[in-house]
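First the structure, in the form of structure tokens, and then the observations on it.
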Amino acid sequence: MLILTCPYCGVAADETELAPGGEAHLTREGPGSDDDAFAGYLFHRENPKGVHFERWRHAMGCGKWFHAARCTVTLEVFGTYAAQVTEPPRAIRDAVSARRPGWRWRDLT
Amino acid sequence: MSIRLNSGGRRIDRDRVLRYRFNGRDMAGFAGDTLASALLGAGQTLMGRSFKYHRPRGVVASGPEEPNALMGVGEGARFEPNQRAPATPLHEGLVAVSQNHWPSLERDVGAVNTALARFLPAGFYYKTFTWPRAFWKHVYEPFIRRSAGLGRPPEEADADRYEHFNIRTDVVVIGGGIAGLTAARLAAEAGLEVLLIEQDTIWGGRAPVDGVEIDGNPAQAWVDDTVAALAAMPNVRLRLGTMAAGIYDHGYLLAYERVADRPDSSGAPRHRLWRVRARRIVTATGAIERPLSFACNDVPGVMLAGAVRDYLVDYGVSPGDRTVIVTNNDDAYRTAIALHRAGLSVPAIVDARPEIAGALPEEARQLGLTILPGTGIAKVKGGRQVTGVALCQQGGDGAVTQEIACDAVAMSGGWSPVVHLWSHCGGKLIWDAEQAHFRPDPDRAPTGADGRGFVVTAGAASGALRADAALSDAAAAADRVLTALDQTAGDASPPRADVPSEAPLAPVWMMPQRAGADLRAKMWLDFQNDVKVSDVRLAAQEGFTSVEHAKRYTTLGMATDQGKLSNINGLAVLADARGDAIPQVGTTTFRPPYVPISMGSIAGEARGDLFQPIRRTPLHDWHEGQGARWEPVGQWRRPYTYLREGEGVKDAVNREILNTRSNVGLLDASTLGKIVVKGPDAGRFLDMLYTNMMSTLKVGRCRYGLMCSENGFLMDDGVVARLSEDTFLCHTTTGGADRIHAHMEEWLQTEWWTWKVWIANLTEHYAQIAVVGPKARTLLERLGGMDLSRDALPFMGWADGTLGGLPVRVYRISFSGELSYEIAVPAGQGRALWDRLLSEGADLGVMPYGTEALHVMRAEKGFIMIGDETDGTVIPQDLGLDWAISKKKDDYLGKRAQARPHMTDPDRWTLVGLETESGAVLPEGAYAVAEGTNANGQRRTQGRVTSTYYSPTLDRGIAMGLVWRGPERLGEVLTFPKVDGTPVRARIVSPVFYDPKGEKQDV
């Protein structure tokens, strides 16, 4: 059972307090998008062995959505950060680099 | 035969006799006994029957790893099956029954399977029960179901109380043997908060039994001193009878405490589940002795050598008068020496090793014991009890060299560290060739949130089997914990043990080494699941060479065993059959719990009223007093109908409908979701959430809206009221309120976070009462306070005001097709409004109605219901709701998905009404059949029923359904077969059965 620290209220929350929200940083494709782009948005997900970025909600706590960067193999948590970004902030990417030099996720490094 | 000796037994109190019952017989043991030691002490070696062949079985082990002596313990509401007798403390009045036999343990019909064993090899059921096909349902399946499982489940509701206990601590030490005590002491002395748990009911582990000396004193004295010191420290918690069941991500540990297994009146829970978060976990879980694989190694009287020693030293019980020792290592000589010193006969020590040189064998030799090097057991003689052993050369094929009469055999194939907990959360193992076991690889520990290992092993659990090595390993483990947690060591110095040196063991995976098929078919690897050497070889031969496949094909290591006794021996046989080394074969996955835990402990307090809290509306008590039949909707309870004296449910529903249609009905609509959306961008936000345009709604008006998920499917519906320029109130379905609130928050927080919108779920702030029927306005006017005329409050309008002096908001919306007002009032005043409506409307025929009347009336009007007409694959266009989908908006959630080719396919099933030719009610969920069959040979279908009711208004059955190109086919007749195959014919009609022009609601 994971522990993730909610970046809003600061609570180190048990997984039972949290609701998972799947892969982070998807770009919404609306009307006008072509079928491939829309299918990519709606259906296609990363399934990495290693560094991953996810959405979580502190559902049984402050109710806020946030992001987590963690390793799917070792369960190491590199950091959590606010939901209101379209990609991981520099500090988080540096934290990942410090532990996993040369990491790659989608086109992020 | 097993006996209780006249002296000895460090754990028992011979002055306190405990009476208990076993298989209906009155028995007696001593305080401190386990059920197994008491039975052995009473000469009861036969303790159960094996699972598959029903072979007679006795106890093999002295701890929870026991595979054979599984008992049903307790009676009635306190009955628990599959309890391991050596881990069940005896108490006065305990009632136990053995398992897997009929009619009795001694005379068991199922034992015929032993004679059939050659026809029941591994996987026989995959091969046998496939033909003839018709036999499956009536012959094979009932037979397999009766044979499956071990003990019988309890038949009564559990009488006991259970609880969960949540705790955070720096360090948990699992195992109260000398390694665990050492690690706990060193961690605690350094100032860390420590929880030390031990599954047994005493501290000290094996060391006191094995005669270990620590710091110059007998182990027991050191154990007593250390426990006393720990107990005196404020930063230490000690718990006996508490088993670590599983280790999970990020330092989470579940531990199972058997608090009060004997009935008592203290009010203590029976079991307590500890939910622990630890910064570091030390597993000092010891090691388990391995059996040896020789023919008939399952006959009662064959036991693990360490267990024989335990019963002798701990309980003063000997499994026999004449015990043959069979071993591949020095440790088993301790058993020989202990038996000899207790005055029992040890006719021979059969040692598979050709050369024997250690200090313990030397001691045995000096005591005059016979040691037979390079020797093995060809076969154990005896049926329900060992009568002797036939010996052979270990390197040979089993030719008998000698026979020895005996009534017990103590076997030892070496010891394997208990690696289960280490492995639960991903800790990796390495093969230790010298000791012939897998042990934890400290460089590949389970990792925590900081990316570092959070489990450390100590003592025999690390593979440090001898006491001296175990103590230094425990000290090193404590050091690693202190370093990881930046803690400085305290003053205590690590203890030292004094033990004789031991010569290396010789791996023995089969005895004798070149045993033929006859012998292999009688060598048990897994006693509990009746898996033999021949079965594992067969699995490999048939291609199940992966260890996980072989496990499932043979059932090796399943059930309560979980690899405790059977694992390494089975892997070795599989490796040999594959021609691989053991590490290449690997192990199966170790999964929690380490030892089975009770269902009650998992549930904890979450049972009965606390299982799922019930949500009650402000009118709940009134409903209850008026004969409400409850319908669960989400966590709410809503009245399905109100039963009057002597009335049937159908009659009550019909009465409520007819009265509402002709007079006036009241519905408690308080459970409907009420979500306020407010802010300068509220309209823009709702335009994205609903398929219709909400931003154009005028203040004072209401609009019915549909909400879709991003993949286009209809997820909720409800009426939206615009309360002010920047404020909307969104009604949701009863079950959807929390989900829709979360859905709104998700999009607001994660996609449109710059929009100025705030959301609040006010569902429980208001009681909401629907006043429905042609006399609704008359009734409300009697309460007085506001103008509810057609002009002042037209259909789909809302107004604030007072009614009967109560502050209300009145919505003129209708889900029944009648003149209808939904009146919201602060929750605390809901009952007052309800009572006023009932008293003022008595002469108007006012009558409450329940959810079933609501459903029928909405179906009469062709209104859809989320969950009936929708199932997560239905889009609004399927339901003829195009009028509620804005054509002007560029975007809304689901719009893009609804443009996908499959969604715009004219062949989609679409909503229609259905009328049976006979006027009967269509069966729920019935399918309309089409001509021909599909690719699977099944009858093709062309539609299905989504809602079906008897309409008292129309006095006939009405239904709605989704039908292939439905609206184009009005007037066609479809055939719906019932479950028994008889057809029901129904005509496709408009889904609006009642007042199609909508005149009644707009008066």
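The values are calculated or read from the model by the stated rules, or taken from the named source; none is laboratory data. For clarity, every value in this text was computed on a predicted model and none was experimentally measured. Virtual Cβ from ideal backbone geometry, glycine too; neighbours counted across all protein chains shown. Each accessible area value is taken on the protein alone, full model and side chains, heavy atoms only, with ligands, DNA and RNA left out. Shrake-Rupley method; radii C 1.70, N 1.55, O 1.52, S 1.80 Å.
Can you tell me the order of B:472-485, B:604-617 when each peptide is scored by its average per-residue count of other Cβ atoms within 10 angstrom, highest first?
B:472-485, B:604-617
Please compute the average number of Cβ atoms from other chains found within 10 Å of each residue's Cβ in peptide B:986-997.
0
By how many degrees, between 0 and 90 and to the nearest 10, does the Cα long axis of helix B:567-578 differ from the longest principal axis of chain B?
With both axes taken from Cα atoms, the answer is about 90 degrees.
Say each of B:Asp868 and B:Glu972 gets a label point 7 Å from the Cα, pointing the same way as Cα to Cβ; how far apart are those two points in nm?
2.5 nm
Remind me, what semi-axes does the stretch B:3-113 give for its equivalent ellipsoid, largest first in whole Å, using sqrt of 5 times each Cα gyration tensor eigenvalue?
24, 15, 12
Give the angle, between 0 and 90 degrees and rounded to the nearest 10, that separates the Cα long axis of helix B:219-231 from the longest principal axis of the Cα atoms of chain B.
30 degrees
In Å, what is the Rg of the alpha-carbon atoms in the protein assembly as shown, and how long is Dmax?
Using the Cα atoms of the protein assembly as shown, the pair Rg, Dmax is 36.6, 114 Å.
In this model, which of B:Lys678/B:Lys1000; B:Lys650/B:Lys1000; A:Lys49/B:Lys551 are farther than 29 Å apart at the alpha-carbon?
With Cα atoms farther than 29 Å apart: B:Lys678/B:Lys1000.
Of B:Gly316, B:Ala332, B:Ala305, which is farthest along the charge dipole of the stretch B:291-413 in the positive direction, counting Lys and Arg as +1 and Asp and Glu as -1 at C-beta?
Of the options given, the answer is B:Gly316.
What's the extension gain from B:Thr401 to B:Asp1002 if we count 0.36 nm per residue and subtract their Cα-Cα distance?
That works out to 205.9 nm of additional length.
When you look at the Cβ of every residue in B:247-254, what mean number of other chain Cβ atoms sits within 10 Å?
Neighbouring Cβ atoms belonging to other protein chains average 3 per residue here.
Taking the Cα centre of the stretch B:540-593 as origin, work out the dipole magnitude from +1 charges on Lys and Arg Cβ and -1 charges on Asp and Glu Cβ, in debye rounded to 20.
Charge dipole of the stretch B:540-593: 180 debye, to the nearest 20.
Apply the Karplus curve 6.51 cos²θ - 1.76 cosθ + 1.60, θ = phi - 60°, to the phi angles in the stretch B:715-720 and return the couplings in whole Hz, x for Gly and Pro.
Those phi angles translate into 10, 6, 9, x, 8, 9 Hz.
Can you give the net charge of the other residues whose Cβ lies under 14 Å from the Cβ of B:Glu257, counting K and R as +1 and D and E as -1?
Result for the local shell: +2.
Taking the Cβ of B:Leu911 as the centre, find all other residues whose Cβ is under 10 Å away and add up their charges (Lys, Arg: +1; Asp, Glu: -1).
Overall, the nearby charge balance is -2.
Using Cα atoms only, what is the angle between the long axis of helix B:851-860 and the major principal axis of chain B, expressed in degrees (0 to 90) to the nearest 10?
Value to nearest ten degrees: 50.
If you place +1 on the Cβ of every Lys and Arg, -1 on the Cβ of every Asp and Glu, and leave all else neutral, what size is the dipole of the stretch B:3-113 about its Cα centre, to the nearest 20 Debye?
200 debye
Over what distance in Å are the Cα centres of the stretch B:866-923 and the stretch B:171-248 separated?
What the calculation gives is 66 Å, centre to centre.
Sorted by mean Cβ packing within 10 Å, highest first, what order do the peptides B:317-330, A:39-52 take?
B:317-330, A:39-52
Along each of the three principal axes of the Cα atoms of the stretch A:3-99, give the extent in whole Å, ordering the values from largest to smallest.
In descending order, the Cα extents are 41, 30, 23 Å.
I'd like the residues of the stretch B:880-896 whose 1.4 Å-probe accessible area shrinks by no less than 50 Å² going from the isolated chain to the full set of protein chains.
SASA drop of 50 Å² or more in the stretch B:880-896: B:Arg896.
Where does the charge balance sit around B:Leu974 when Lys and Arg score +1, Asp and Glu -1, over other residues with C-beta under 11 Å from its C-beta?
+1
Compute, for the stretch B:1-68, the length of the dipole vector about the Cα centre, with Cβ point charges of +1 (Lys, Arg) and -1 (Asp, Glu) only. Units Debye, rounded to 20.
So the dipole magnitude of the stretch B:1-68 works out to roughly 200 debye.
Rg and Dmax in Å for the stretch B:440-543, alpha carbons only: what are they?
21.2, 61
What's the carbon and sulfur percent of the stretch B:673-763's accessible surface, probe 1.4 angstrom, rounded to a whole number?
Roughly 56 percent, rounded to a whole number.
As I understand it, the dipole of the stretch B:523-660 uses +1 on the Cβ of Lys and Arg and -1 on the Cβ of Asp and Glu, about the Cα centre. Which of B:Gly604, B:Gly586, B:Leu538 lies farthest toward its positive end?
It is B:Gly604, whose Cα lies furthest towards the positive end.
Taking all pairs of distinct Cα atoms, average 1/r, flip it, and tell me the Kirkwood hydrodynamic radius of chain B in Å to one decimal place.
The answer is 33.9 Å.
Please work out the Cα center distance from the stretch B:773-825 to the stretch A:63-79, rounded to the nearest Å.
A separation of 52 Å, based on Cα centres.
Could you tell me the extents of the stretch B:337-444's C-alpha atoms along the three principal axes, largest first, rounded to whole Å?
For the stretch B:337-444, the Cα spread along each principal axis is 48, 32, 27 Å.
Within 10 Å, count the other beta carbons around each residue, average over each peptide in B:900-908, B:341-349, B:965-973, and list them highest first.
B:341-349, B:965-973, B:900-908
Of B:Gln749, B:Gly683, B:Ser724, which is farthest towards the positive pole of the stretch B:673-763's charge dipole, taken about the Cα centre with +1 and -1 on the beta-carbons of Lys, Arg and Asp, Glu respectively?
B:Ser724
Once neighbouring chains are kept in place and the probe is 1.4 Å, which whole percent of the accessible area of the stretch B:517-578 is contributed by carbon and sulfur?
So the carbon and sulfur contribution to the accessible surface is 49 percent.
Per residue and in Å³, how big is the convex hull formed by the alpha-carbon atoms of the stretch B:673-763?
78 Å³
From Cα pairs below 8 angstrom and at least 6 apart in sequence, can you work out the relative contact order of chain A, rounded to a whole percent?
Rounded, it is 24 percent for chain A.
For B:Lys895, which lysines qualify as cross-link partners when the Cα separation must be under 21 Å and same-chain residues fewer than eight apart are set aside?
B:Lys887
Kindly compute the accessible surface that chains A and B hide from a 1.4 Å probe when together, both sides summed, and give it to the nearest 100 Å².
2600 Å²
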